[in-house]
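Below you'll find the structure, written out as structure tokens, and then a few comments.
The values are calculated or read from the model by the stated rules, or taken from the named source; none is laboratory data. Bear in mind the structure is a predicted one, so any value in this text is a computation, not a measurement. For neighbour counting, all protein chains shown are included, and Cβ atoms are generated from backbone atoms with ideal geometry for every residue, glycine included. Remember, those area values only see protein heavy atoms, side chains included, never the ligands or the DNA or RNA. Shrake-Rupley method; radii C 1.70, N 1.55, O 1.52, S 1.80 Å.
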Amino acid sequence: QALFTQYLSVGFGIGRACPRRMMRVRAPCFPSRRPAAEGDRQRTLWYQFSQRRVKAWQPILTPRFLIPLYMVCGVAFIVLGISFLINSARVVELSCDYTERETSEHGVGYCDLSIEQDMEAPIWVYYQLEGFFQNHRRYVKSYDPTQLAEASSPETRKAKLQPCVPAVASSDGRVLYPCGLIAMTVFNDTFVLARRSADSESWQRLDVNTDAEAIAWQSDLSKFSNVDPEKELRPGQGTTSLQHQTAMDMWILKFFPPMSCEQQEFSDSLPFVPINVATRQEEIPGSSPVELLDCTGYSSSPACNFTRAGKPFDCHAPGYRLVKRKSWGVESGHFMVWMRIAGLPEFRKLWGKVDEPLKAGTQLRTYFVDNYPTKHVHGKKYFVLTTGSALGGRSDFLGGGYILVGSCCLIFSTWKLLQCIYSPRPLGDISFLASKSR
């Protein structure tokens, strides 16, 4: 036991020297370093902190100190809460539940909104979903960040895309691009905003900025990179004569193509009909034909053919405009926003940005193309148009919470003040600490 004690003393640095009797059993001996001067050690901040010798202020919480403190905090919290509520009330918000709205044969419906207050730019366009659990563990893990960021040589082997399970390949055996449950369930409803003044009968299209720089997080812009669909596979990826769009199922191009054809005017005689990018069949040696987007020059000067109501359509017709999309494919702002998953089953995601003000009295019509199914899961879809403030969107919870806390502080301070007036107690009276006599 004495030997064990000596070993412990040496190991923890307790012993100053190595006893001779320990040398007989070859005990390890660690001579202690020469300590610094005692005055130098005590002057260091770390020494004072570790030895709990740092100067501290311990106020005596007397009623004269607590009651005014709670009153001041209560008044300050109530003032802040009222200012937050006023700031929230200045936010103009319009919403429309279009889950059960009737649609035409082309899947198009609309919501009419009346602007009663001036809406200053920027005006934010959101879609809101209810009953969608993006926070499910299997759903959150089902994506491959390497596939989304790798543009030069995307992975075409299913065995290398196990993080995307169960959404790895399409029915024809080709690898999905992008793969995973998060990507495959991307929100693909389309909105078209049109406005009409009080002295006009026709609806004019309202420009909405949907670029990734406008609606996506800046930190997400570098995480997504498009693969050139017309580029051939590299050696080692498969049949080198195949293009990326043939070797992989690049379904994302149908949702977010490089070009779009926009209808500019709407009326009863000229209703809104969605114009889609046409598709074509491509033959694959030794396999069945695959359906591709009818576009060329993705990375340079894109050109696409379009269809309207199932028939070929020329976008150069009067009243239509051909738009080259800056953000397409996986670099689309809509796709980036969707890939940042929500933590609750009821959430909003940014869809676009309006950079011009809307005056009071303006009639707004929102056309929607109902592509995203929610009825079978008892979910709901909303279209939301709102302005912003220094604290974000419209929310009365923060202001109400501040008012509630401030009211509690005032009630507590008033109760303590009345207690001190009508039933005072001497401060520091040790008789209140004495134990009861037996």
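Accessible surface computed residue by residue for the range 161-283, with neighbouring protein chains in place and a 1.4 Å probe, gives 45 Å² per residue. Of all the options SER332, SER269, SER222, the one that moves most in a Gaussian network model of the chain with Cα springs shorter than 10 angstrom is SER269. In angstrom, the C-alpha Rg and Dmax of the range 177-282 are 18.9, 65. Helical runs (DSSP H, four residues minimum) scored at -39500 (n - 2.57) apiece and divided by the length of the chain put the mean residue ellipticity at 222 nm at -7000 deg cm²/dmol.
Across the accessible surface of the range 367-429, with the other protein chains kept in place and a 1.4 Å probe, carbon and sulfur atoms take up 65 percent. Our coupling estimate for the range 171-179, obtained by passing each phi through the Karplus curve with A = 6.51, B = -1.76, C = 1.60 and θ = phi - 60°, is 5, 8, x, 7, 5, 6, 10, x, 9 Hz, Gly and Pro reported as x. Structure remark: mean-square fluctuation, Gaussian network model of the chain, C-alpha springs under 10 Å; the largest value among THR62, THR156, THR414 belongs to THR62. Across the chain, C-alpha contacts under 8 Å between residues 6 or more apart give a mean separation that, scaled by the residue count, equals a relative contact order of 31 percent. What the Cα convex hull of the chain gives, in volume per residue, is 368 Å³. Checking every one of the GluC sites (Glu not before Pro) in the range 134-240 against DSSP loop status and a limit of 16 other Cβ atoms within 10 Å picks out GLU150, GLU201, GLU230. Counting only DSSP beta bridges with both residues in the chain, the antiparallel share comes to about 95 percent. At what distance in angstrom do the alpha carbon centres of the range 162-202 and the range 247-298 lie from each other? If we compute the Cα centre of each part, the gap is 13 Å. The GluC sites (Glu not before Pro) found in the range 38-141 that occupy coil by DSSP, while having at most 15 further C-beta atoms within 10 Å, are GLU100, GLU102, GLU105, GLU116, GLU120. Close amide H partners of TRP351, meaning residues 5 or more places away or on another chain with modelled amide H under 5 Å apart, are VAL125, TYR126, TYR127. FRET efficiency for the PHE49 to PHE133 pair, using the beta carbon distance and R₀ = 56 Å, is estimated at 0.75.
Available extension along the chain between SER300 and ASP314 is 2.9 nm, counting 0.36 nm per residue and deducting the alpha carbon span. Of the residues TYR47, TYR127, TYR402, the one that moves most in a GNM of the chain with alpha-carbon contacts below 10 Å is TYR47. Shown here is the pair-distance distribution of the range 305-427: with all Cα-Cα distances grouped in 5 Å bins from zero up to the longest one, the shares run 2, 6, 8, 12, 13, 13, 11, 7, 5, 4, 4, 4, 4, 3, 2, 1, 1, 1, 0 percent.
Annotation for TYR422 and ALA198: the two label points, set 7 Å from Cα along the Cα-Cβ direction, are 6.0 nm apart. Residue separation of GLU100 and GLU356 scaled by 0.36 nm, minus their Cα-Cα distance, works out to 89.1 nm of gained length. Excluding same-chain neighbours fewer than eight residues apart, the aspartates and glutamates reachable from LYS326 by a Cα-Cα span under 13 Å are ASP211, GLU213.
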